[in-house]
Structure formats: structure tokens, C-alpha cells
Amino acid sequence: MAWEYLEQESIKGNARRRKLCLGVFVFFSCICAFLYFAVKDSIDFSNPDDKKLFAIFVVMAGLMLFCTTVWLLVSILPAKNGANLLLPLEEDTREAVAEIINREAAEGKILYEGFMNHKTIKKYSDRITILPSYVLLIREIGKITAIPRDKIYWICAQTGYKGGPYYVRLLIFTEKKLIDFDGNDIEHTMKVAEDIYQYIPNVFEDYGTQHDIADLPSALEKLYEEDRAGFMRLYEEEKQEAEIAFAGRQSGGNKKQ
């Protein structure tokens with residue numbers, strides 16, 4: 001049986017979830033075994049407290065076994081009708097979006113595919129995929145965020161601090177919300193962003209009048225979150241300037257010919 005694109009991704013994600021689930025179960029079982037052999041000689045079942053603690057231990061072990069069994073059973077079959085899709089813009093039903101994605105993938109219309117975790121690509125497979133209609137953020141465990149391409153204003157690489165450890169990620173400015181996708185290598189994530197620009201217009205490429213270009217993603221993120229109308233005014237101005245500049249380059253090229 002030939003699985004459709006989203007079902008294939010679901011199968012891959014299920015395999016990784018099973019591996020993760022079994023790993024956690026084995027780790028938990030080892031801890032349980034260690035604790036049991038460490039305290040078995042000191043347990044006094046005539047003592048109500050010891051008896052209660054042992055009962056709690058048995059319940060927790062049984063619950064862990066039950067959850068592991070359920071998780072493994074659920075992960076056997078692939079998700080159908082877009083059940084593994086996340087639609088942050090809620091533009092349509094999962095079934096309708098899945099139909100579009102599966103059709104374009106079957107027609108070989110995958111325009112771009114870039115892995116986010118460059119240094120650990122064999123271990124983690126988070127990646128961004130671009131189709132004619134959708135940008136897909138494919139998570140390692142199989143969940144896929146689908147964003148309509150015509151709802152995206154700009155995608156950029158952002159690096160720096162934000163109330164925590166150093167990070168690198170793609171920022172995706174859309175019609176309704178800001179979406180981010182984590183990477184783990186600065187140069188590689190910036191390369192992914194550059195590759196994406198041929199499909200998502202880089203209207204802020206030469207923008208540097210108010211902010212240093214390295215700080216532009218953070219400045220635009222702040223503007224987007226605090227003043228959406230201001231962001232849209234800036235976006236439209238830069239988009240218009242980019243279109244004029246592009247038309248000028250095209251015109252200049254035609255004259256040389």
C-alpha cells in the first residue's frame with residue numbers, strides 16, 4: 001500500500017515516538033529495579049507507612065506500564081486526514097489542507113526542503129519544507145505545522161538572547177501571528193533563511209536605516225508584537241520599495257540586451 005505524504009511523515013514520527021517511549025520506559029524500569037533492590041530488605045510490611053509507600057510504588061509502576069502500552073498501540077497506525085497537522089492560522093479544515101498537501105507532494109512539487117538541526121542531522125530531523133501552497137514545519141516526532149504561503153510576510157533567522165540561554169531560530173511573520181522554528185547552528189539556520197528567500201520575498205533585505213541589519217529580526221519581532229499596524233505600514237513601505245528596485249534592475253537588464 002502506498003501511503004500519502006502526510007501519512008508517511010506520520011509513520012516516521014510514530015517510529016521516533018516509540019523509540020522515545022521505550023527509552024523512557026527502560027530508564028524508569030531501571031530506576032524502579034534499583035530502588036527495589038536497594039530497600040527491599042528494609043521494608044516492613046507490618047508498618048503502615050512502609051506498606052503505603054510500597055502500594056504507591058506499585059501503582060506508579062503499573063501506571064507507567066499502562067501509559068507505555070497505550071502510547072505504543074496508538075503509534076502503530078499512521079495519522080489520516082491531516083490528523084498530524086497543526087493549523088495556526090485556522091484557514092481551513094485539516095482534511096482540506098491535507099488534501100492539498102498530499103496532492104502537491106504526489107505531483108513532485110516540493111520546492112525546497114531544509115533540515116534545521118545541521119550538527120545533529122542524523123539524530124534529529126526537524127525540517128522546513130516548501131510546497132506551492134504551504135510552508136511545512138515538520139517536527140521530529142511527526143507533528144507538522146502548515147502555514148499558507150500567501151499568509152507569510154517574511155521569514156528570517158534570529159540569534160541572540162531572550163530571557164534565557166543563547167538560541168537560534170527562524171521567525172515566520174504571518175498575517176495573524178508570529179511563528180518560530182528552532183535550529184541549533186547559527187550559520188546553517190541563516191543559510192536556510194537565505195535559501196527560503198527565493199520562495200518568500202525578502203522585503204527587508206537592504207533595510208538598515210533605523211536598525212543594524214543583525215538586530216533587524218528582534219526589532220521587527222518587537223514591532224510586530226507591540227504595534228501590528230506599525231509593522232504593516234513598515235512592511236508595505238519596504239515591499240513597495242523592493243518592487244520598485246526589482247523593476248529598475250529588470251529594466252536595466254533589458255536595456256543592456
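The values are calculated or read from the model by the stated rules, or taken from the named source; none is laboratory data. The model shown is predicted, which means the values in this text are computed figures rather than measured ones. Neighbour counts run over all protein chains shown; Cβ positions are idealised from the backbone, glycine included. The area values use the complete protein model at the heavy-atom level, side chains included, leaving out ligands, DNA and RNA. Shrake-Rupley method; radii C 1.70, N 1.55, O 1.52, S 1.80 Å.
Right, Ala193: open to solvent by less than 50 Å² (accessible area, probe 1.4 Å) and either within 16 Å of Lys177 (Cα to Cα) or at pLDDT 70 or above (or both) or not? Criteria met by Ala193. Count of the stretch 49-58 residues, restricted to those that are open to solvent by 100 Å² or more (accessible area, probe 1.4 Å) and of a type outside the set (Lys, Arg), is 2. Taking the numbered list (1) open to solvent by less than 100 Å² (accessible area, probe 1.4 Å); (2) over 27 Å from Tyr197 (Cα atoms); (3) part of a helix (DSSP H, G or I) in turn, Pro78 passes all entries but (3).
Residue-wise test of (1) at pLDDT below 85; (2) open to solvent by less than 70 Å² (accessible area, probe 1.4 Å); (3) more than 19 Å from Thr93 (Cα to Cα).
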{"site": "Glu140", "(1), (2), (3)": "yes, yes, yes"}
{"site": "Arg149", "(1), (2), (3)": "no, yes, no"}
{"site": "Tyr153", "(1), (2), (3)": "no, yes, yes"}
{"site": "Thr159", "(1), (2), (3)": "yes, yes, yes"}
{"site": "Gly164", "(1), (2), (3)": "yes, yes, yes"}
{"site": "Leu170", "(1), (2), (3)": "no, yes, yes"}
{"site": "Asp180", "(1), (2), (3)": "no, yes, yes"}
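For the stretch 1-44, the set of residues classified as loosely packed, with under 13 Cβ neighbours inside 10 Å and in a loop (DSSP other than H, G, I, E, B) consists of Met1, Ala2, Asp44, listed by residue number.
For the stretch 101-116, does any single residue satisfy the condition of being in a loop (DSSP other than H, G, I, E, B) and within 16 Å of Thr145 (Cβ to Cβ)? Yes; the residues of the stretch 101-116 include at least one that is in a loop (DSSP other than H, G, I, E, B) and within 16 Å of Thr145 (Cβ to Cβ). Can you find, within the stretch 123-132, the residue that is modelled with the highest pLDDT among those that are buried (at least 16 other Cβ atoms within 10 Å of the Cβ) and in a loop (DSSP other than H, G, I, E, B)? Filtering first and then ranking leaves Leu131.
Return the residue satisfying two criteria in turn: it lies in the stretch 220-238 and is under 23 Å from the mean Cα position of the chain (by Cα) and surrounded by fewer than 14 Cβ atoms within 10 Å (Cβ to Cβ), and of such residues it is modelled with the highest pLDDT. So, considering only residues that are under 23 Å from the mean Cα position of the chain (by Cα) and surrounded by fewer than 14 Cβ atoms within 10 Å (Cβ to Cβ), the one modelled with the highest pLDDT is Glu225.
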